[in-house]
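The structure appears below as structure tokens.
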Amino acid sequence: MTAVALDRPSGPVELYRPDGRVGTLTQPGRPSRTIALPRRTTAQTLTEELRRLETDEVYGVALRGTADRTDDEARTDS
């Protein structure tokens with residue numbers, strides 16, 4: 001992604017980052033600003049996403065239900 005725009009009643013707010021390192025933020029009535037926006041690695045992105053996950057109780061129940069099964073039982077169900 002190299003650009004995003006937000007349409008507001010006061011006018012568009014735009015962020016443009018063509019090189020993956022430095023972005024330009026443009027807002028109505030304000031001078032354009034240059035912002036350091038280095039591209040994150042896949043590991044950094046996944047770490048942030050996983051940190052924000054909340055407990056999935058239904059998935060936990062499903063996992064607990066399979067914990068006592070043997071490999072042979074799992075194969076016969078498929």
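The values are calculated or read from the model by the stated rules, or taken from the named source; none is laboratory data. Note that the structure is predicted; figures quoted are calculated from it, not measured. Cβ: placed from backbone, ideal geometry, glycine included. Neighbour counts: every protein chain shown. Just so you know, the surface numbers come from the protein's heavy atoms only, side chains and all, with ligands and any DNA or RNA stripped out. Shrake-Rupley method; radii C 1.70, N 1.55, O 1.52, S 1.80 Å.
Here is how the numbers come out for the structure above:
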quantity	calculated
Dipole in debye (nearest 20) - region 1-67, about Cα centre, beta carbon charges: Lys, Arg +1; Asp, Glu -1	340
Within the accessible area of the chain (1.4 Å probe), percent carbon and sulfur	54
For the chain, accessible area per residue (1.4 Å probe, heavy atoms of protein chains only), Å²	90
Computed Kirkwood radius, in angstrom, where 1/r is averaged over Cα pairs of the chain	17.2
